[in-house]
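What follows is a set of notes on a single structure, which appears directly below.
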Amino acid sequence: MFHMKSICALIILISISSGIKIYAQDGYFEKNDHDELPYYFGISFGYNSSFLKTTKSGLFNEQSNFKRAESGSSGGIELGLMGTLKLARHWELRTVPKLIIGGSKYLNYYYADGAIPTDKSNLLVSSSGDYYEQMKLPQTLISIPLHVKFTSDRINNYRAYLFGGPKVDFNLSSNSQEYTAERDLGNATAPLMRKVSFGGEMGAGVHIYLPFAVISPEFRFSSSFMNDHRRDFSNPYSGDTFNKLQQRMLSFSINIEQ
């Protein structure tokens, strides 16, 4: 699904760029004052695909009922505000606090042949005939990054840039009712994730200068640095299976700046 979104985004970007190039040949699109601003603001919206990088527990092969466990990706949307401070001719400091909605993670637990439950009503079957259980980790994030941004020289109405820096994510769904309902009933459920995660992100984009604003499509990759897994040895889906769960995210966004 993410690949299709990426292809569509690329087609839109090429179409916009081609259209702008036609008018830019006549010097129509400029907005020369943007490069002289000491600071400026904007908005950002985008789409992302996120997944979990898993590290198995040392007890996995000894005590687990599962022969393997894998993570699955899902898509989400991003809405954010942007503030940029100019440091030097090619250097800027930027923050883009954003709300990330719909970025649920999935963990698939494949049962060993001798450990398949008698009641298979809640189980799924893979193409190879393996029974597995899918655990959903609902996630709504507030992400606050701090980027150091390097911009190229402006060529007509285009300017490329690279950026990178640390970020902190606040997981608003870490104790949601959906996440804890089964645990409150005394049943095993999906592993819990920490409320706060520290990580970093990097990416690249291009400024496209229009008369009324600057449009900046960009791609971004982010990763958590810490173990986001709240390990619980009383839960077979957690302590006996996974040691570390770290978040990864690939995003495409459109920024609109003054």
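The values are calculated or read from the model by the stated rules, or taken from the named source; none is laboratory data. Remember, it's a predicted structure, so these values are computed and weren't measured experimentally. In this analysis, Cβ positions are derived from the backbone assuming ideal geometry, glycine residues included, and neighbour counts consider all displayed protein chains.
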Original post:
Quick one: is Ser71 surrounded by 13 or more Cβ atoms within 10 Å (Cβ to Cβ) and at pLDDT below 85?
Top reply: no
**OP:** From (1) more than 20 Å from the chain's Cα centre (by Cα); (2) surrounded by fewer than 16 Cβ atoms within 10 Å (Cβ to Cβ); (3) part of a strand (DSSP E or B), pick out the condition that doesn't hold for Tyr110.
**Re:** (2)
Original post:
When only residues in the stretch 113-145 that are assigned to a strand (DSSP E or B) and charged (D, E, K, R) count, which is nearest to Phe66 (Cα to Cα)?
Top reply: Glu133
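Here is a yes/no grid of residues against (1) surrounded by fewer than 14 Cβ atoms within 10 Å (Cβ to Cβ); (2) modelled with pLDDT of 85 or more; (3) of a type in the set (D, E, K, R); (4) not in a strand (DSSP E or B):
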site	(1), (2), (3), (4)
Gly205	no, yes, no, no
Glu218	no, yes, yes, no
Phe221	no, yes, no, no
Asp232	no, no, yes, yes
Asn235	no, no, no, yes
